[in-house]
1. Take the solvent-accessible surface of the protein heavy atoms, probe 1.4 Å, and return the percent of it on the chain that carbon and sulfur atoms account for.
2. Loop-only chymotrypsin sites (Phe, Trp or Tyr not before Pro) in the range 1-49, please: DSSP not H, G, I, E or B, and at most 16 other Cβ atoms within 10 Å.
3. What lysines could a cross-link reach from Lys64, if we take a straight Cα to Cα line under 18 Å and drop same-chain neighbours fewer than 8 places away?
4. Report ³J(HN,Hα) in whole Hz for each residue of the range 17-32, in order, from the Karplus equation J = 6.51 cos²θ - 1.76 cosθ + 1.60 where θ = phi - 60°; Gly and Pro get x.
5. When the dipole is taken about the Cα centre of the chain, and only Lys, Arg (+1) and Asp, Glu (-1) are charged at their Cβ, what size is it in debye, to the nearest 20?
6. Just to confirm the filter: which trypsin sites (Lys or Arg not before Pro) across the range 1-51 are DSSP coil and have at most 16 other Cβ within 10 angstrom of their Cβ?
7. The range 15-69: which GluC sites (Glu not before Pro) are DSSP loop and have at most 15 other beta-carbon atoms within 10 angstrom?
8. Can you give me the pair-distance distribution of the chain, C-alpha pairs, 5 Å bins, whole percents?
Amino acid sequence: SDEEIDQLFTACAQDQNFSLFIDLEQQTVTASDGFKASFEIDPFRKHCMLNGLDEISLTLQHEKEIHAYEERAKQRVPWLFMND
């Protein structure tokens with residue numbers, strides 16, 4: 001909530017040793033002063049972050065299918081691949 005965010009900013013400004021622990025898997029934020037809150041995150045984004053996936057690595061998960069498609073395309077429209 002906005003109130004919890006304000007509380008964290010205030011605590012951070014007042015304490016040089018303030019720290020946060022963010023547990024993405026459990027979707028919690030815990031502060032060194034005892035503050036604890038949960039947060040929502042899109043399940044797909046959470047999966048990507050937990051597994052270190054970006055747009056390229058997501059695409060590369062389908063590398064075999066992409067290669068198979070390209071091979072079929074070479075048979076159907078070979079002129080598009082003449083410089084290959």
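1. Details: 3850 of 7230 Å².
Using a 1.4 Å probe with all protein chains present, the chain comes out at 53 percent carbon and sulfur.
2. Loop-located and lightly packed - Phe18, Phe35, Phe39.
3. Lys74
4. Result, ordered by residue: 9, 4, 9, 10, 10, 10, 9, 5, 4, 8, 6, 10, 10, 10, 9, 5 Hz.
5. On the way: 7 positive and 17 negative charges, 127 e Å.
Charge dipole of the chain: 620 debye, to the nearest 20.
6. Working: sites: Lys36, Arg45, Lys46; in loops: none.
For trypsin sites (Lys or Arg not before Pro) across the range 1-51 that sit outside H, G, I, E and B with at most 16 neighbouring Cβ atoms in 10 Å, the list is empty.
7. Details: sites: Glu25, Glu40, Glu55, Glu63, Glu65; in loops: Glu25, Glu40.
Hits after loop and neighbour filter: Glu25, Glu40.
8. 3, 11, 14, 12, 10, 9, 7, 7, 5, 5, 5, 6, 4, 1
The values are calculated or read from the model by the stated rules, or taken from the named source; none is laboratory data. Computed from a prediction, not measured in an experiment: that's the story for all the values here. Quick reminder, even Gly has a Cβ in these numbers, built from the backbone with ideal geometry, and neighbours come from all protein chains shown. Calculation scope for accessible area: heavy atoms of the full protein, side chains included, ligands and nucleic acids excluded. Shrake-Rupley method; radii C 1.70, N 1.55, O 1.52, S 1.80 Å.
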